[in-house]
Amino acid sequence: MSIQDNLLAVKQQIQNRALLVAVSKTKPNEDVMEAYEAGQRVFGENKVQELTTKYETLPKDIEWHMIGHLQSNKVKYIAPFVSLIHGVDSEKLLRTINKEGKKNSRKIPCLLQLHIAEEESKFGFSEDELMSLLSKELLDELCHIEICGVMGMATYTDDEQQIKKEFHSLKELYNRLKKSIFSESSEFKEISMGMSGDYLIAIEEGSTMVRVGSSIFGARNYH
Ligand SMILES: *Cc1c(COP(=O)(O)O)cnc(C)c1O
(Lines give C-alpha, C1' and ligand atoms only; values in the text may rest on other atoms or scores of the structure.)
Protein backbone atom coordinates (compact mmCIF):
# COMPACT_ATOMS: atom_id res chain seq x y z
CA MET A 1 0.00 0.00 0.00
CA SER A 2 1.20 3.51 -0.79
CA ILE A 3 1.34 6.34 1.74
CA GLN A 4 -1.73 7.86 0.08
CA ASP A 5 -3.68 4.60 0.38
CA ASN A 6 -2.65 4.25 4.04
CA LEU A 7 -3.64 7.83 4.78
CA LEU A 8 -7.05 7.42 3.18
CA ALA A 9 -7.62 4.15 5.06
CA VAL A 10 -6.76 5.78 8.41
CA LYS A 11 -8.98 8.78 7.62
CA GLN A 12 -11.80 6.44 6.69
CA GLN A 13 -11.56 4.83 10.12
CA ILE A 14 -11.40 8.13 11.96
CA GLN A 15 -14.32 9.64 10.06
CA ASN A 16 -13.83 13.19 11.30
CA ARG A 17 -14.24 12.13 14.92
CA ALA A 18 -10.74 13.41 15.72
CA LEU A 19 -8.05 15.53 14.08
CA LEU A 20 -5.41 13.41 12.39
CA VAL A 21 -1.82 14.46 13.11
CA ALA A 22 0.36 12.58 10.61
CA VAL A 23 3.59 11.74 12.42
CA SER A 24 6.38 12.03 9.84
CA LYS A 25 9.40 11.72 12.15
CA THR A 26 12.45 10.05 10.53
CA LYS A 27 10.67 10.09 7.14
CA PRO A 28 11.99 12.09 4.17
CA ASN A 29 10.32 15.15 2.64
CA GLU A 30 9.09 13.13 -0.33
CA ASP A 31 7.00 10.98 2.05
CA VAL A 32 5.52 14.10 3.64
CA MET A 33 4.72 15.43 0.17
CA GLU A 34 2.90 12.24 -0.75
CA ALA A 35 0.57 12.72 2.22
CA TYR A 36 0.37 16.45 1.49
CA GLU A 37 -0.77 15.77 -2.05
CA ALA A 38 -3.50 13.53 -0.66
CA GLY A 39 -4.75 16.54 1.30
CA GLN A 40 -3.02 16.13 4.67
CA ARG A 41 -1.92 19.45 6.21
CA VAL A 42 -1.20 18.63 9.87
CA PHE A 43 2.08 16.86 10.63
CA GLY A 44 3.86 15.93 13.84
CA GLU A 45 7.56 15.64 14.61
CA ASN A 46 9.40 14.80 17.83
CA LYS A 47 12.84 16.33 17.25
CA VAL A 48 13.41 20.08 17.09
CA GLN A 49 16.13 19.93 14.42
CA GLU A 50 14.07 17.74 12.10
CA LEU A 51 10.93 19.79 12.68
CA THR A 52 12.76 23.02 11.84
CA THR A 53 14.36 21.61 8.70
CA LYS A 54 11.07 20.24 7.44
CA TYR A 55 9.30 23.53 8.19
CA GLU A 56 11.91 25.40 6.15
CA THR A 57 11.87 23.08 3.15
CA LEU A 58 8.21 22.06 2.84
CA PRO A 59 5.05 24.02 1.85
CA LYS A 60 4.17 26.86 4.19
CA ASP A 61 0.53 25.87 4.63
CA ILE A 62 1.54 22.82 6.66
CA GLU A 63 0.68 22.99 10.37
CA TRP A 64 3.59 21.60 12.35
CA HIS A 65 2.97 19.97 15.73
CA MET A 66 5.78 19.21 18.18
CA ILE A 67 4.75 15.90 19.72
CA GLY A 68 7.84 14.69 21.54
CA HIS A 69 9.68 15.59 24.70
CA LEU A 70 10.85 19.19 24.38
CA GLN A 71 13.87 20.67 26.13
CA SER A 72 13.53 24.27 27.32
CA ASN A 73 16.73 25.40 25.58
CA LYS A 74 15.31 24.37 22.19
CA VAL A 75 11.94 26.14 22.38
CA LYS A 76 13.37 29.21 20.64
CA TYR A 77 13.91 27.34 17.37
CA ILE A 78 10.26 26.35 16.95
CA ALA A 79 8.52 29.26 18.72
CA PRO A 80 8.07 31.37 15.55
CA PHE A 81 6.07 28.80 13.62
CA VAL A 82 4.92 25.80 15.68
CA SER A 83 1.13 25.24 15.59
CA LEU A 84 0.84 23.12 18.72
CA ILE A 85 3.23 21.75 21.35
CA HIS A 86 1.76 18.48 22.67
CA GLY A 87 4.13 17.47 25.44
CA VAL A 88 4.39 20.31 27.95
CA ASP A 89 5.39 18.61 31.19
CA SER A 90 7.08 21.11 33.51
CA GLU A 91 6.72 24.59 34.95
CA LYS A 92 10.10 25.50 33.49
CA LEU A 93 8.95 24.56 30.00
CA LEU A 94 5.70 26.52 30.43
CA ARG A 95 7.67 29.61 31.45
CA THR A 96 10.15 29.25 28.60
CA ILE A 97 7.41 28.80 25.98
CA ASN A 98 5.69 31.88 27.39
CA LYS A 99 8.90 33.91 27.11
CA GLU A 100 9.48 32.79 23.52
CA GLY A 101 5.84 33.48 22.66
CA LYS A 102 6.32 37.02 23.91
CA LYS A 103 9.50 37.49 21.85
CA ASN A 104 7.61 36.34 18.76
CA SER A 105 4.52 38.45 19.58
CA ARG A 106 2.28 35.42 19.56
CA LYS A 107 0.38 33.03 21.80
CA ILE A 108 1.79 29.54 21.44
CA PRO A 109 -0.82 26.75 21.61
CA CYS A 110 0.15 23.97 24.05
CA LEU A 111 -1.19 20.79 25.57
CA LEU A 112 -0.35 19.68 29.12
CA GLN A 113 1.11 16.20 29.12
CA LEU A 114 -0.35 13.99 31.83
CA HIS A 115 1.11 10.79 33.14
CA ILE A 116 -1.45 8.03 32.58
CA ALA A 117 0.73 4.98 31.88
CA GLU A 118 1.88 2.41 34.40
CA GLU A 119 5.45 2.74 33.20
CA GLU A 120 7.72 5.03 35.20
CA SER A 121 9.49 6.25 32.09
CA LYS A 122 6.69 8.18 30.42
CA PHE A 123 6.85 11.94 30.90
CA GLY A 124 4.01 14.01 32.23
CA PHE A 125 2.40 15.76 35.19
CA SER A 126 0.33 13.98 37.80
CA GLU A 127 -3.08 15.44 38.53
CA ASP A 128 -1.95 16.70 41.94
CA GLU A 129 1.12 18.41 40.50
CA LEU A 130 -1.00 20.18 37.94
CA MET A 131 -3.67 21.29 40.41
CA SER A 132 -1.10 22.84 42.73
CA LEU A 133 0.98 24.34 39.92
CA LEU A 134 -1.77 26.05 37.93
CA SER A 135 -2.69 28.90 40.24
CA LYS A 136 -4.65 31.86 38.96
CA GLU A 137 -1.43 33.91 39.28
CA LEU A 138 0.61 31.56 37.10
CA LEU A 139 -2.10 31.31 34.44
CA ASP A 140 -2.32 35.11 34.30
CA GLU A 141 1.43 35.28 33.88
CA LEU A 142 1.40 32.82 31.00
CA CYS A 143 -0.36 35.21 28.65
CA HIS A 144 1.68 34.12 25.62
CA ILE A 145 0.52 30.54 25.93
CA GLU A 146 -2.82 29.14 24.88
CA ILE A 147 -3.46 26.03 26.95
CA CYS A 148 -5.64 24.03 24.55
CA GLY A 149 -6.03 20.79 26.49
CA VAL A 150 -4.18 17.66 27.52
CA MET A 151 -2.04 14.92 26.00
CA GLY A 152 -1.20 11.45 27.21
CA MET A 153 0.41 8.21 26.19
CA ALA A 154 -0.85 4.79 27.24
CA THR A 155 1.38 2.00 28.47
CA TYR A 156 3.13 0.11 25.67
CA THR A 157 1.19 -3.15 25.90
CA ASP A 158 -1.05 -5.52 23.94
CA ASP A 159 -3.61 -5.42 26.73
CA GLU A 160 -6.44 -3.40 25.20
CA GLN A 161 -8.35 -3.21 28.47
CA GLN A 162 -5.35 -1.60 30.11
CA ILE A 163 -5.02 0.95 27.28
CA LYS A 164 -8.75 1.68 27.39
CA LYS A 165 -8.61 2.22 31.14
CA GLU A 166 -5.70 4.65 30.82
CA PHE A 167 -7.36 6.67 28.04
CA HIS A 168 -10.55 6.73 30.08
CA SER A 169 -8.63 8.11 33.05
CA LEU A 170 -7.17 10.86 30.86
CA LYS A 171 -10.64 11.83 29.66
CA GLU A 172 -11.89 12.00 33.25
CA LEU A 173 -8.90 14.05 34.29
CA TYR A 174 -9.56 16.40 31.38
CA ASN A 175 -13.19 16.71 32.53
CA ARG A 176 -12.10 17.66 36.05
CA LEU A 177 -9.68 20.29 34.74
CA LYS A 178 -12.34 21.63 32.39
CA LYS A 179 -14.77 22.01 35.30
CA SER A 180 -12.27 23.61 37.66
CA ILE A 181 -9.16 25.49 36.55
CA PHE A 182 -10.24 25.91 32.93
CA SER A 183 -13.97 26.51 33.43
CA GLU A 184 -13.66 29.97 31.87
CA SER A 185 -11.48 28.87 28.97
CA SER A 186 -13.05 28.22 25.56
CA GLU A 187 -9.61 27.20 24.24
CA PHE A 188 -9.31 24.24 26.59
CA LYS A 189 -10.99 21.54 24.49
CA GLU A 190 -8.45 19.07 23.11
CA ILE A 191 -7.48 15.58 24.24
CA SER A 192 -4.48 14.30 22.30
CA MET A 193 -4.37 10.53 22.73
CA GLY A 194 -3.98 7.58 20.41
CA MET A 195 -1.19 6.37 18.09
CA SER A 196 -1.04 3.74 15.31
CA GLY A 197 -1.71 0.83 17.64
CA ASP A 198 -4.50 2.35 19.69
CA TYR A 199 -6.14 5.31 17.96
CA LEU A 200 -9.53 3.63 17.57
CA ILE A 201 -9.67 2.84 21.29
CA ALA A 202 -8.60 6.42 21.99
CA ILE A 203 -11.38 7.86 19.83
CA GLU A 204 -13.96 5.69 21.61
CA GLU A 205 -12.67 7.11 24.87
CA GLY A 206 -13.03 10.71 23.72
CA SER A 207 -9.81 11.64 21.93
CA THR A 208 -10.03 14.78 19.78
CA MET A 209 -6.56 14.39 18.21
CA VAL A 210 -4.72 11.23 17.22
CA ARG A 211 -1.00 11.11 16.41
CA VAL A 212 -0.50 8.43 13.79
CA GLY A 213 2.88 7.61 12.23
CA SER A 214 3.68 4.06 11.17
CA SER A 215 0.15 3.20 9.99
CA ILE A 216 0.55 5.96 7.40
CA PHE A 217 4.27 6.07 6.59
CA GLY A 218 5.30 2.49 7.41
CA ALA A 219 7.71 1.28 10.07
CA ARG A 220 10.57 3.56 11.04
CA ASN A 221 14.25 2.67 10.78
CA TYR A 222 16.29 3.97 13.66
CA HIS A 223 20.02 3.96 13.27
C1 LIG B 1 6.21 8.50 17.26
C2 LIG B 1 5.09 9.06 18.06
C3 LIG B 1 3.76 8.83 17.69
C4 LIG B 1 3.35 7.97 16.50
O5 LIG B 1 3.66 6.63 16.71
P6 LIG B 1 3.12 5.47 15.73
O7 LIG B 1 3.03 4.30 16.62
O8 LIG B 1 4.12 5.33 14.66
O9 LIG B 1 1.80 5.89 15.21
C10 LIG B 1 2.77 9.41 18.45
N11 LIG B 1 3.05 10.17 19.53
C12 LIG B 1 4.31 10.42 19.92
C13 LIG B 1 4.54 11.28 21.11
C14 LIG B 1 5.38 9.87 19.21
O15 LIG B 1 6.63 10.12 19.60
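The values are calculated or read from the model by the stated rules, or taken from the named source; none is laboratory data. These numbers were taken from a predicted model, which means no experiment stands behind them. In this analysis, Cβ positions are derived from the backbone assuming ideal geometry, glycine residues included, and neighbour counts consider all displayed protein chains. Quick note on the areas: whole protein, heavy atoms, side chains included, nothing else; ligands and nucleic acids left out. Shrake-Rupley method; radii C 1.70, N 1.55, O 1.52, S 1.80 Å.
Quick notes on this one:
- Couplings 3J(HN,Hα) for segment 19-32, derived from phi with the Karplus relation 6.51 cos²θ - 1.76 cosθ + 1.60 (θ = phi - 60°), are 6, 9, 9, 7, 8, 9, 3, 6, 9, x, 3, 5, 5, 4 Hz, where x marks Gly and Pro.
- When only Cα pairs below 8 angstrom with a gap of at least 6 residues are kept, the chain shows a relative contact order of 22 percent.
- Between segment 179-195 and segment 7-67, the Cα center-to-center distance that results, in Å: 23
- Sites E146 and N175 - FRET efficiency at Förster radius 25 Å, r taken between beta-carbons, to 0.05: 0.80
- Beyond 25 Å in Cα-Cα separation lie the following of the pairs K136/K171; K54/K76; K27/K74; K54/K164: K54/K164.
- Charge dipole (Cα centre; +1 on Lys/Arg Cβ, -1 on Asp/Glu Cβ; no other charges) of the chain amounts to roughly 740 debye.
- Charge dipole of segment 117-188 about the Cα centre (unit charges at C-beta), most positive-ward option of Q162, S186, M151: S186
- Computed E for R220/E137 - FRET, C-beta separation, R0 41 angstrom, nearest 0.05: 0.45
- Computed with a 1.4 Å probe over protein heavy atoms only, the accessible area of F123 comes to about 100 Å².
- Take the Cα of Q13, step 7 Å toward its Cβ, do the same at S196, and the gap between the two points is 1.1 nm.
- Remark: segment 3-217 carries 47 Å² of accessible area per residue (probe radius 1.4 Å; ligands, DNA and RNA excluded).
- Cα gyration tensor category, rounded, prolate or oblate, for segment 70-223 with a/c compared to 1.5: oblate
- Ranked by solvent-accessible area (1.4 Å probe, protein heavy atoms only, all chains present), the residues T155, T208, T57 order from largest to smallest as T57, T208, T155.
- Ranking Q49, G206, Q4 by how far each Cα lies toward the positive end of the dipole of the chain (charges on Cβ) leaves Q49 at the top.
- Once the Cα-Cα distance is subtracted from the 0.36 nm per residue extended length, the E50 to K165 segment shows a gain of 38.1 nm.
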